[in-house]
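The values are calculated or read from the model by the stated rules, or taken from the named source; none is laboratory data. The model shown is predicted, which means the values in this text are computed figures rather than measured ones. Neighbour counts are summed over all protein chains in view; Cβ atoms, including those assigned to glycine, are modelled from backbone coordinates with ideal geometry.
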Amino acid sequence: MPFAAWIHADDLTGTQSGIIFTGFAVIAFIWIYVRTARSFRKAASERLERLRQTLDPYCRAAGMLSGDADAAPDEAEHEPEPLHLLLQQCKAAPLVTTEMIEAIDAYARERDASRHAQLERLLDREIKKKIAEQASIIRSLDNPGWGTAFWKLVRPAVPFFLLACIVYWSLGLYGQFHDHRIPAFSWTGVELWMRYVSCLVAVVSFHFAVMTPRKDSPKYAYRMLALCITAAAAAHLAGLEAAPYILAVQILLFLCGFGLGPKRSRRDRPYAGSADLLEHGDPTRHNK
């Protein structure tokens, strides 16, 4: 159906329909661009707020722990109530890690010098890490470099580009079936659908690789795998016959992502004699 019939204006020429279609495309581009740019700015502001809410109890707890480091042993056993409340606030911080929660719980059970020093070092390391991330976000917002500024200018246009690719491939699929009278259940029709699905997978993978924020190494590995899935779609230039093999390769690459999950480090594993092992140990021990 021609574009003129959609808007019930049969007197429009092809040039006029093209101008109207281009106008709608420009409006859609501006709307998506502005909305995406605002979402990035909002996400950065929310991340800064979560960092502030995490650093506030961390810094106060670190200061109180360092002040109590030289206290007498009998005084350390009777710590002031604010320190206990601060440590509970640290456990409830938005960006608290599992390692921090376990260190606080271990310090609450065994308030000795070793646990005190371990918790103090962990707090110091987490504070430095989060301050560095906070400075990086503020620098990218207020004083970005040339590369960062250019990427911030181009990145909001990626969703519109991907949407245009989906529309183009959808129209191409419809044209292949309509113009060449290809039966829907023929092998050629199946190959056309495989190529279409493979292209959609490439679009979703590219969106994940480009639009997700950089936070840690596992997500970096996921992004690289997503880019490999996207790059595999370029092999469709070899012809329609390659569509089943390309889709199979993309599925295999997707399944490989399940093996890239973060593994528990030795520090996160329960040590001999820890409460986790005692609680989940042999049940016959509790029955004796």
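For (1) basic (Lys, Arg); (2) in contact (Cβ under 8 Å) with a residue 24 or more places away in the chain; (3) more than 28 Å from residue 187 (Cβ to Cβ), each residue gets a yes or a no:
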{"residue": "224", "(1), (2), (3)": "no, no, yes"}
{"residue": "227", "(1), (2), (3)": "no, no, yes"}
{"residue": "236", "(1), (2), (3)": "no, yes, no"}
{"residue": "241", "(1), (2), (3)": "no, yes, no"}
{"residue": "247", "(1), (2), (3)": "no, yes, no"}
{"residue": "253", "(1), (2), (3)": "no, yes, no"}
{"residue": "257", "(1), (2), (3)": "no, yes, yes"}
Note on residue 144: of the conditions (1) surrounded by fewer than 15 Cβ atoms within 10 Å (Cβ to Cβ); (2) within 23 Å of the chain's Cα centre (by Cα); (3) assigned to a helix (DSSP H, G or I), unmet is (3)
Would you call residue 201 aliphatic (A, V, I, L, M), in a helix (DSSP H, G or I), surrounded by 15 or more Cβ atoms within 10 Å (Cβ to Cβ) and in the same structural domain as residue 255 (by TED's automatic domain parsing)?
yes
Requiring at least 3 residues that are surrounded by 10 or more Cβ atoms within 10 Å (Cβ to Cβ) and at pLDDT 90 or above, the helices (runs of 4 or more DSSP H) wholly within the range 225-288 are 243-256
Of the conditions (1) part of a helix (DSSP H, G or I); (2) in contact (Cβ under 8 Å) with a residue 24 or more places away in the chain; (3) not hydroxyl-bearing (Ser, Thr, Tyr), residue 213 clears all except one; give me its number.
(1)
